[in-house]
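Input: a single structure, listed below in structure tokens.
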Amino acid sequence: MKTAHDLLCLRFVRSFPQALFGAVVLFGAVAVCLSCRDALAAESPARMKRADSFLGVHFDFHAGDDCDRVGERTTRQMVELVIDKVKPDYIQIDCKGHRGYASYPTKMGNPAPGFVGDPLRIWRDVTRERGIALFMHYSGVWDYHAVATHPEWAAIDAGGKPNAKATSVFGPYVDELMIPQLRELAGEYGVDGVWVDGDCWGTTPDYGEVAVREFRKQTGAESAPRKAGEPYWNEWMDFHREGFRRYMRHYVDELKKSHPNFQVISNWAFSDHMPEPVSADVAGLSGDFSPDNSVNSARFAGRCLEDQGVPWDLMSWSFSRKTRKQKPAVQLMQEAAVVLALGGGYQAYFKQDRDGALRDPSEMDVMAEVAQFCRDRQAFCHRSVAVPQIALLYSTAGHYRASPRLFHWSGSSGVTVLRQALAKILHNQYGVQIVSEHHLTGAMSQWPVIIVPGWEYLAPAFRNELAAYAKAGGQLLLIGPGPAKLFEPERAAAENNTSPFVTINAVDDTFSSVLEKVLSEPIVGIAGSDDVDISPRTLNEKLTIHLVNTSGPHANPPAEGITEIPPVGPLTVAIRLPKSPKSITQQPEGKPLAVTWGDGRATVMLPQLKLYSILVVEP
């Protein structure tokens, strides 16, 4: 089937007199055809910017040397099926996975062994005509093919061997392959942006000559340390973290120069993997949370993104990594609900076959159900902002000093205790935000409670500000021997058990009573079920209470997935307010609730909570 662009160009060529079909004129015809494409692009429906987007669908297959018929089954009808069923704001598709082979006929990179047509051109033409943004799944630091064919591009391990997966952020890979290929995608294909995978979390310390020489120059060290505990180890790790930031800012800024409207997202940058201020001009923040135990993963990851000041989304895997089976729609809805209740956007990942076609088009029926569930709630959740209640400290300094990895949430005792505390706080039905030093510094008084979970190191100035917060009346809860030792001088100086610090040894059976002590008057209280996550938030200057049914075996689902999540209830919800509200409505059901007012609280009763509802308070 010819596209509108093809027909327009064909009409142009047929209108030329026969005598003009010489070589020079043919080049002119090609130029005009390109102008036709530009004209069609200008006349196509406007596509939503990623910063404004709410719902997406992601496809990838990490093409390899086994892919010799890419595009054979990619059709306009296939792309239109996705759009018609899901109605996404954007689509992300594979273009270069970790193996380094491009799944489109690139002239700048390393194409898969064989193509039937140009599948990317089909995806772009259809999405352009339908007003849907198209983003590329592109593996950044990880490129197996690049380091195999250019070992000088690879990061070097402590034993002197090139890494088989990771390029060096100090090497020429970014300028010689990555940026030219992204410019090809932005210019030749006109895609809207890129979702760079295998980037921060794929970065590894590099013992190559360039990196070591620069490190010695910056620090005065005689050599690079080989393991934790050796002199300059923390400086060595921070040197590589800054190396990654420079590398990321470089490709983001270079693409902005050549293609100002090209939108760049680096998977897991400035997130739970990289808990620090946003320092690159990215179009948004994003990550794919764990394919199994997904609800708990989303609870953690979403709270690490929601206060970063940049639009964000999170991605479900639509299938279990353990069983490889498709998750039922209701299971994905529960995962989506956790994300939406924190103000984020949502997308889900579906597999492409080895030729780039959809693995199973019927899976779009599942995504259609999930998409409708999300759209029904969009007006009441997207871009909502948390009401400060409990601040749970994810210390950048403490984590980076303890973690054996450059960018990942694992590896530090502080994160282990933090996640234990988070689970208990949510089970006890308090609103909680996960925040770092850059959120709290100069703003601690916004939170009635700050929890320091397990951290063994805090920067002195920040530690002193926390101590001052506690002395001024803030509730500072210390969990574990690490935080207790950090604040030992103030605790020892307190007389007659009047310490402003609340200290416990671990997240244990006493934790619930301690929470009740430090936050005796939360903004929301609930009775009727323990399986409801509460998130008090504001949207459009109105208080909204987000209630997510988290019952069911989501931490360890059965092989066939979760096919049913029973409703919970009846629920009694009490909301602390300065005055009696005009109304409280349960959304998206559109159901006005009877309100009882007394003792500064508006109390409503929900006969049941199916999966995710929002209580909208009209003041």
- Taking square-rooted eigenvalues a ≥ b ≥ c of the alpha carbon gyration tensor, is the stretch 234-377 rounded, prolate or oblate, where a/c under 1.5 means rounded and, failing that, a/b exceeding b/c means prolate? prolate
- Note on the structure: Ranked output for segments 193-201, 153-161 by mean other Cβ atoms within 10 Å, highest leading, reads 193-201, 153-161
- Highest mean first, what order results for 340-353, 385-398 on Cβ atoms within 10 Å? 340-353, 385-398
- Message: Around residue 209, under 12 Å between beta carbons, what's the net of Lys plus Arg minus Asp minus Glu among the other residues?
- Response: -1
- Message: Just to confirm, what accessible area per residue do you get for the stretch 240-338 at 1.4 Å probe, in whole Å²?
- Response: 28 Å²
- Task: Determine which lysines satisfy two conditions relative to residue 322: a Cα distance under 18 Å, and not lying fewer than 8 residues away in the same chain.
- Result: 351
- Task: Note the direction-averaged projected area, equal to a quarter of the hull surface, for the Cα convex hull of the stretch 130-232, in nm².
- Result: 8.1 nm²
- Query: Which of the GluC sites (Glu not before Pro) across the stretch 461-522 are loop residues per DSSP, with 12 or fewer other Cβ within 10 Å?
  - Reply: 495
- Interchain or long-range residues, amide H under 5 Å from residue 531's placed H: none
- Task: Sticking with the crude label model, points 7 Å out along Cα→Cβ, report the distance from residue 508 to residue 472 in nm, one decimal please.
- Result: 3.3 nm
- Note on the structure: One finds, for residue 188 and residue 323 with R0 = 41 angstrom and r their Cβ-Cβ distance, a FRET efficiency to the nearest 0.05 of 0.55
- Message: Counting only other residues whose beta carbon sits under 15 Å from that of residue 319, what net charge do I get with K and R as +1, D and E as -1?
- Response: -2
- Net charge near residue 392, counting Lys/Arg +1 and Asp/Glu -1 over other residues with Cβ under 11 Å of its Cβ? +3
- Query: Any idea how far apart residue 385 and residue 222 come out in nm if each label point goes 7 Å out from Cα toward Cβ?
  - Reply: 5.4 nm
- With every protein chain in place, the chain: carbon and sulfur % of accessible area (1.4 Å): 52 percent
- Query: So how exposed is residue 259, as accessible area in Å² (1.4 Å probe, rounded to 10)?
  - Reply: 50 Å²
- Message: From the phi angles alone, apply the Karplus equation (6.51, -1.76, 1.60; θ = phi - 60°) to the stretch 344-350 and give each ³J(HN,Hα) in whole Hz, x where the residue is Gly or Pro.
- Response: x, x, 9, 8, 10, 9, 10
- Item | Relative packing of peptides 213-219, 581-587, 326-332 - highest average C-beta neighbours within 10 Å first | 326-332, 581-587, 213-219
- Note on the structure: The answer for residue 102, listing residues at least 5 apart or on another chain whose modeled amide H is closer than 5 Å to its amide H, is 110, 112
- Item | Using a Förster distance of 41 Å, the FRET efficiency for residue 253-residue 80 (Cβ separation, nearest 0.05) | 0.70
- Note on the structure: Diffing the stretch 198-205: the Karplus 3J(HN,Hα) column from phi (6.51, -1.76, 1.60, θ = phi - 60°), in whole Hz with x for Gly and Pro, holds x, 10, 4, 6, x, 6, 9, x
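The values are calculated or read from the model by the stated rules, or taken from the named source; none is laboratory data. Keep in mind that this is a model prediction, so the values were computed, not measured. Because the Cβ atoms are built from the backbone with ideal geometry, glycine has one as well, and the counts that use them run over all protein chains shown. All accessible areas refer to the heavy atoms of the entire protein, side chains included, with ligands and DNA or RNA removed. Shrake-Rupley method; radii C 1.70, N 1.55, O 1.52, S 1.80 Å.
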